[in-house]
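The values are calculated or read from the model by the stated rules, or taken from the named source; none is laboratory data. Here the structure is a predicted model, which means the values were calculated and not measured. With ideal geometry, Cβ positions are generated from the backbone for all residues, glycine too; neighbour counts draw on all protein chains shown.
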Amino acid sequence: MSTPARKRLMRDFKRLQQDPPAGISGAPHDNNIMLWNAVIFGPDDTPWDGGEATVVVLGTAVAEGGELPPKASPLLEVVRLMPASRLGGTFKLTLQFTEDYPNKPPTVRFVSRMFHPNIYADGSICLDILQNQWSPIYDVAAILTSIQSLLCDPNPNSPANSEAARMFSENKREYNRKVREIVEQSWTAD
Amino acid sequence: MDSEDDMHDANDLESVDDDFYSGDTAMGNDEGDDFDFVDNESDDSEDITYHRQQQNYTILSEADIRLRQEEDISRVSTVLSISRSSACILLRHYQWSVSRVNEEWFADEEHVRKVVGLLEKLVEVQNPRELTCGICFENYPRDRMTSAICGHPFCGTCWRGYVGTSIRDGPGCLMLRCPDPSCGAAVGQDMIDLLASHEDKEEYSRYLLRSYIEDNRKTKWCPAPGCEFAIEYVIGSGNYDICCNCSYGFCWNCTEEAHRPVDCDTVAKWILKNSDESENMNWILANSKPCPKCKRPIEKNQGCMHITCTTPCKFEFCWLCLGPWSEHGERIGGFNACNRYEAAKQEGAYDESERRREMAKKSLERYTHYYERWATNQSSRQKALSDLHSVQNEKLEKLSVRQRQPESQLKFMIEAWLQIVECRRVLKWTYAYGYYLPEHEHAKRQFFEYVQGEAESGLERLHQCAEKELQVYLDAETPMKDFDDFRTKLAGLTSVTRNYFENLVRALEAGLKDVGSSNSEATCSKTSSSKSLGTKGKGGKSKATGNNSRLAGGPSHSLDESNLWFCHHCTYANPKSAKACQMCEHRR
């Protein structure tokens, strides 16, 4: 029972696994290929990427790449081996597809709490390729990549979040501070 | 606007039922896009009285539209040496103006191609046997893939889905481009025909047809509900009245119902006002008072002056002075007299809100006066229209049988009803005109109301005669001798009323510059019966108001109304002292 939409979604998934763009991952639900979960990492070298993280073990600070105390947990081992212990914002989204895909865009929405001029309070995204500039050529990877670049490149002229838009235009420092705040929140959110 | 045009406009009515244009409109010369006028051959059987000399619009049926569209496309395709599909895209982009297309194309072909998406075919370098569809990412042999001029290949299924979605989304499908977002290559009808399903192709073709009328500045659909005709209009000829084949008359400029002699702005304001919420507010202001305590508007519907506001307020007060009830009693002059009010009024301590109430009341009354009459004439016209249809369809035959007259002798009936329909329309809009006439322009107002009154009473006489007196002859078992008299009378009334309305139209179009001198002869000689100039809501002013163009034949000077009375029979203005008319000796 494979419709063109489903076939195409399978392809998108395969492509995403074989050739994943940086900082993006996504997968459909087990029982429903029309509903996907995705995660976008904040782009590097932006307020969205979180900055350095200090790892504390048993009350002892461990410098990046430094020696671990004996009997450290395996998780810490992984952390130590990562080239840069930068834990960027990890923002979760859902993508809901219809049988009209790829002729119609999916409905994309952020699950994590966001503070961005083009993202509504409920998580909906104001992005042209998701509305009138949609093309059937775009696939899941392309969608997620566009959203990722939207994060550090907002368009204050079509504000979905007026406060964020205003802050972005007038008070960059405050804006960056708020961004870091939600980045940190994204680590702890389930 | 010269008098010749006035003649035509007052006779707009005649085109209501004429079959000037059949399905195959005279295509005539194909010079350019503009049709100056179409020589119309009026059907002899419908030839009433006046013959329209010049038409500035053409009525198009669906077949006509298709034909014209095909011709335009062929023309562009030949001149520019491009495919028909490309010509179609170009034309649509430039609002179906062949001249504009030529102009723009020969000015800068490259720019036009880019804007519209008509790229020139690139030379293909490779010829691989298999290609990957850009949408479903499957591989197919070359011959199963299609692409626009840009070469981006997509498979048949994906194309069908893409095109189908676009068509179902609406007329935007006419501007379809290649699915690749970086490419602007246009997808025209030739590709649609190749790739889309049958229903989608039909839908596309329907949108294309509609586009020919909607995107073109010279054409519009007839606004009548259910009418399938379109009108092509030559701008610049001044007269905006269009009468469609479906017998709906409308104004080209604003697409509202035909509203000469009133201008489009006034009409728009009037229609807005009728639907406006502000009138409700005015009513509330005029007919209710605010509770002194909680300020909610209260309407007094009966009873004494002791008002108790509703919960939760429950304040008790006197309606007249809005003072607390506890302060009322016998010493204030009893419950019904309210001395305090009189005193306040005499002292001039008129409340601001009181003043506003008064003004709102006046304004509302004034509006109601005009609206009522506008609406009444509107419904009267509707009734007249249906009467006209019943006369045409059944009554004429019946009358012909009853009175032993051939139907051709009974044309005067139709003429009369057509005149009534048209006059009701004009009269209706003159009320909207009257509402917007500035109050301080007394001379204009008097003149306007005078001319309007004349026209209205004439119309009432005509309408009554056509309605009621006809019934006598319809019901008669045997032919009646005075039927010929009836015919003369009705024809006479028709003609008189037409003159009155011509005057009215002329006066209004001239901006009421007191040009009433030409009407005197017509009215005096043709009136066959001298019923009293009955008025409907004119307040009996028709005798006392108006300029005295009849007397002096020159510029009006305001007469002292109270010193004159106008004779019923010959309309001479007699001094008040005269008991009988000085001209015709009829008693007052």
**In the stretch B:192-232, the residues that are outside any loop (DSSP other than H, G, I, E, B), surrounded by 19 or more Cβ atoms within 10 Å (Cβ to Cβ) and out of contact with any helix residue (DSSP H, G or I) (no Cβ under 7 Å at 6 or more places or on another chain)** = B:Ile231, B:Glu232
**Among residues of the stretch A:127-154, those that are exposed (fewer than 15 other Cβ atoms within 10 Å of the Cβ) and either over 18 Å from the mean Cα position of the chain (by Cα) or of a type outside the set (Ser, Thr, Tyr) (or both), counted** = 5
**Request:** Of all residues in the stretch B:195-227, count the ones that are in contact with a strand residue (DSSP E or B) (Cβ under 7 Å, 6 or more places away or on another chain) and of a type in the set (A, V, I, L, M, F, W, C).
**Result:** 4
**Request:** Report, by residue number, each residue of the stretch B:385-438 that is of a type in the set (Ser, Thr, Tyr) and surrounded by 14 or more Cβ atoms within 10 Å (Cβ to Cβ).
**Result:** B:Ser400, B:Thr430, B:Tyr431, B:Tyr433, B:Tyr435, B:Tyr436
**Message:** Return the residues of the stretch A:1-37 that are buried (at least 16 other Cβ atoms within 10 Å of the Cβ), in a helix (DSSP H, G or I) and away from chain B (no Cβ under 14 Å); say none if nothing qualifies.
**Reply:** none
**Request:** Out of the residues in the stretch B:441-482 that are among the β-branched types (Val, Ile, Thr) and part of a helix (DSSP H, G or I), state the one that is modelled with the lowest pLDDT.
**Result:** B:Val472
**Message:** Looking for something of a type in the set (D, E, K, R), at pLDDT 85 or above and surrounded by 14 or more Cβ atoms within 10 Å (Cβ to Cβ) - is there at least one such residue anywhere in the stretch B:275-289?
**Reply:** no
**Asked** Between a first residue in the stretch A:112-135 that is under 16 Å from B:Arg177 (Cβ atoms) and within 14 Å of chain B (Cβ to nearest Cβ) and a second residue that is assigned to a loop (DSSP other than H, G, I, E, B) and not charged (D, E, K, R), which pairs have beta carbons less than 8 Å apart while being 6 or more apart in sequence or on different chains?
**Response** A:Ile129/A:Pro105; A:Ile129/A:Ser135; A:Ile129/A:Tyr138; A:Ile129/B:Pro181; A:Gln133/B:Pro181; A:Trp134/A:Pro105; A:Ser135/B:Pro179; A:Ser135/B:Pro181
**Message:** Of everything in the stretch B:311-323, what is modelled with pLDDT under 80 and either out of contact with any Pro (no Cβ under 7 Å at 6 or more places or on another chain) or more than 15 Å from B:Pro290 (Cβ to Cβ) (or both)? Give them in sequence order.
**Reply:** B:Thr311, B:Pro312, B:Cys318, B:Trp319, B:Leu320, B:Cys321, B:Gly323
**Prompt:** If you take the residues of the stretch B:161-184 that are more than 10 Å from every other protein chain (Cβ to nearest Cβ) and surrounded by fewer than 20 Cβ atoms within 10 Å (Cβ to Cβ), which of them is farthest from B:Ser211 (Cα to Cα)?
**Reply:** B:Gly184
**Subset tally (residues that are modelled with pLDDT of 90 or more and of a type in the set (Lys, Arg)) for the stretch B:173-219** = 4
**Message:** Can you say whether B:Ile135 is in a loop (DSSP other than H, G, I, E, B), buried (at least 19 other Cβ atoms within 10 Å of the Cβ) and within 14 Å of chain A (Cβ to nearest Cβ), as far as the supplied structure shows?
**Reply:** yes
**Asked** Is at least one residue of the stretch A:41-49 part of a strand (DSSP E or B) and either modelled with pLDDT of 90 or more or touching a Leu at 6+ places or on another chain (Cβ under 8 Å) (or both)?
**Response** no
**Message:** Would you confirm, using the coordinates I've provided, whether B:Cys158 is within 14 Å of another protein chain (Cβ to nearest Cβ) and in contact with a His (Cβ under 8 Å, 6 or more places away or on another chain)?
**Reply:** no
**Request:** Scan the stretch B:469-501 residue by residue and report those that are without any contact (Cβ under 8 Å) to a residue 60 or more places away in the chain and of a type in the set (Lys, Arg).
**Result:** B:Lys481, B:Lys489
**Message:** Being surrounded by fewer than 19 Cβ atoms within 10 Å (Cβ to Cβ), within 14 Å of another protein chain (Cβ to nearest Cβ), touching a strand residue (DSSP E or B) at 6+ places or on another chain (Cβ under 9 Å) and of a type in the set (Val, Ile, Thr): is that true of A:Thr98 here?
**Reply:** yes
**Scope the stretch B:138-158; condition closer than 21 Å to B:Leu118 by Cβ and in a loop (DSSP other than H, G, I, E, B); matching residues** = B:Ala148, B:Ile149, B:Cys150, B:Gly151, B:His152
